[in-house]
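The values are calculated or read from the model by the stated rules, or taken from the named source; none is laboratory data. Everything quoted here is computed from the prediction, not taken from an experiment. Here the Cβ is made from the backbone with ideal geometry for all residues, glycine too, and neighbour counts use every protein chain on show.
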């Protein structure tokens, strides 16, 4: 059998080498939420439904982008420090990922964990969805502009 020294395999086994996906995230520092925190989450429903607070992993959706590199992000829920960041993302996706913004009051001592990830105002959040979806926690839900029902 012929051998390709450069690839270290037989030519019959040679495969195209995939370029590894790189991301800005090298490590994820997760901490238990020890003080109340207000964040914003894109939502599809009004009122926001339990599934609006489930991760792609929990919804059995395939990993996207950074989620391929860091499974922990696939298991997190994305939230933002400002509602405006959510609106910008809604605009960029033409409302496909949701067309409402839920203001979420995360309460300490409910098992919620957070990590600063993916940009200056992006947070990854882990916890039981029901701890992020109680009516008392969603303090405001807003809908904007042109997205149809």
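Scanning segment 15-60 for residues that are surrounded by 12 or more Cβ atoms within 10 Å (Cβ to Cβ), at pLDDT below 85 and assigned to a loop (DSSP other than H, G, I, E, B) gives 23, 25, 45, 46, 47, 48, 49. Each residue in segment 81-94 was checked for being closer than 19 Å to residue 46 by Cα and surrounded by 18 or more Cβ atoms within 10 Å (Cβ to Cβ), and 4 pass.
Out of the residues in segment 97-109 that are under 15 Å from the mean Cα position of the chain (by Cα) and assigned to a loop (DSSP other than H, G, I, E, B), which is nearest to residue 42 (Cα to Cα)? My answer is 98.
Considering segment 61-79 alone, what residues qualify as being surrounded by fewer than 15 Cβ atoms within 10 Å (Cβ to Cβ), in a loop (DSSP other than H, G, I, E, B) and more than 11 Å from the chain's Cα centre (by Cα)? 61, 62, listed by residue number.
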